[in-house]
Amino acid sequence: MSEWFTDPPAGTGPPARRAHERDLERIRATRRRRRIVTAGVSIAALAAMGAVSVFVVLPFIDSFRGETEQVVTDYEGPGTGAVQVVVRSGDGGMAIAETLADAGVVATADAFVTAFNLNSRAQGVQPGTYTLAREMRAADAVAALLDPVNRQVVKFTVPEGFRADQVYERIAEATGLSVESLADAAKDTETLGLPPEAEGDVEGWLFPATYEVDPNPTPAEVLAPMIAKTVEVLDDFGAEPEVWRKTLILASMVEKEAKLDEDRPKVARVFLNRIDQDMLLMSDATVAYGAGNFSTVFTTDEERADDNPYNTYVNEGLPGGAICNPGEAAIAAALGPEKGDWLYFVVVNLQSGETAYAETAAGHEANVQQMRDWIAEHPGDY
């Protein structure tokens, strides 16, 4: 508009000049209105761009920030309900964390790992089945795993002198496993870790002790630790593998024949002395095992005449295998028998287990008569 009138036309008078000035004022007013409108449009555009940044750009920035910054969340606790989780052998903090997170015990695996690393005792968490609450604080979950009260175990005790079939029955009572499944598992000697020295027979290798196992164990999970314990005891005594089997056979005889710990090294010596002199061992305990007669301490003439690998009245040397599962005292006696020249022993008091020893047949007969006299004075089923 710069080419529009800027000066009044030449040769005009005052009226014309006033008209010209009015035209100029209208032009200036129009320009001011246009500037205001343009400025308003610009402000509106800026405001719209601001809205776009708020509703589009900022969420994008927040999304990006969420991908790059991982926020560890944790439950406030103390938790509700109950759930069982299994910590497996070899599980570290992260493996345990994932198990607990999947079960809903902790909010995130990261929260548990953080708490695990902050607890100096956390490495002491044992494998097993635990009952925990859901939605626990991570630090509380670590503490709960360290508390043995929360570990679910099945306990059972195998007494010294139990035969393998009795061991299976005791395990079955405690775990719900069948006797048949345990007997079948005993045949899988490789899975059980039964040493080759055992010659495939678990009798004598199921160490008597109190055991703890996880709920719902497999037969192998129960039997394998018992065999491992027997090997451990033999190793602790310094026994070489080549004598393991003979040691357990002798120890099983000592376990069944001697009731008192003080008698076990003497009974072991009697058997070893008889072997040294090529005498039959003549153990009623081995005869009873071979005959399957476990109701009495005495054997019959017929049972003593039966030719089976366990009849030490007709077969020289040790029987064909262990006749029970001996405890530590009996194993110690077999490996370290007491010094003496005894060739005979007999229990003279069937209640207390008192035992008499002799070096000669005549002395033994006198001790046997002492036993008969005691039975006459204490009639009953023995």
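Quick look at the numbers
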| quantity | calculated |
| --- | --- |
| Loop-resident sites, the range 177-276, for GluC sites (Glu not before Pro), counting at most 15 other Cβ within 10 Å (DSSP) | Glu199 |
| Ranked list, fewest to most other Cβ atoms within 10 Å of each Cβ, for Thr191, Thr99, Thr210 | Thr210, Thr191, Thr99 |
| Ranked list, fewest to most other Cβ atoms within 10 Å of each Cβ, for Thr189, Thr296, Thr218 | Thr296, Thr218, Thr189 |
| Whole-Hz couplings from phi, Karplus 6.51/-1.76/1.60, listed for the range 188-195; x for Gly and Pro | 8, 5, 5, 5, 6, x, 5, x |
| Estimated FRET transfer efficiency (Arg134, Met94; beta-carbon r; R0 25 Å; 0.05) | 0.75 |
| Fewest-first ranking of Arg121, Arg137, using other Cβ atoms within 10 Å as the exposure measure | Arg121, Arg137 |
| Projected label distance in nm at Val297 and Asp261, using a 7 Å step from Cα toward the beta-carbon | 2.1 nm |
| Charge sum, other residues only, whose C-beta stays under 11 Å from Ala97's C-beta, Lys/Arg counted +1 and Asp/Glu -1 | -4 |
| Added length on full extension, which subtracts the Cα-Cα distance from 0.36 nm per residue, Asp278 to Lys339 | 20.1 nm |
| Point-to-point label distance, Glu316-Leu118, nm (Cα→Cβ direction, 7 Å offset) | 7.6 nm |
| Inter-part distance where the range 307-358 and the range 84-156 are each reduced to a Cα centre, Å | 49 Å |
| Paramagnetic label zone (point 7 Å from Cα along Cα-to-C-beta, Glu221; backbone N under 13 Å) in the range 79-103 | 85-89 |
| Residue-count net charge about Gly81 - beta-carbon cut-off 14 Å; Lys, Arg +1, Asp, Glu -1 | 0 |
| Test item: Cα-centred dipole of the range 241-377, Lys/Arg +1 and Asp/Glu -1 on Cβ, debye | 320 debye |
| Linear extension gain, Glu169 paired with Asp373, 0.36 nm per residue minus alpha-carbon span | 69.7 nm |
| Distance in nm between pseudo-label sites at Gln351 and Thr80 (7 Å out along the Cβ direction from Cα) | 6.3 nm |
| Length-normalised contact order for the range 220-305 - Cα pairs under 8 Å, 6+ apart - percent | 17 percent |
| Net charge of Cβ neighbours under 11 Å - reference Val179; Lys, Arg +1; Asp, Glu -1 | -4 |
| Within the range 266-355, chymotrypsin sites (Phe, Trp or Tyr not before Pro) in DSSP loop having at most 15 other beta-carbon neighbours inside 10 Å | Phe294, Phe298 |
| Set of lysines with alpha-carbon distance to Lys259 below 27 Å, sequence-local pairs under 8 removed | Lys155, Lys229, Lys246, Lys339 |
| Length gained when the stretch Glu190-Asp307 is fully extended (0.36 nm per residue, less Cα-Cα span) | 39.0 nm |
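Here, each number is a calculation from the coordinates, and none is a lab measurement. Keep in mind that this is a model prediction, so the values were computed, not measured. FYI the Cβ positions are ideal-geometry reconstructions off the backbone, even for glycines, and counts take in every protein chain you see.
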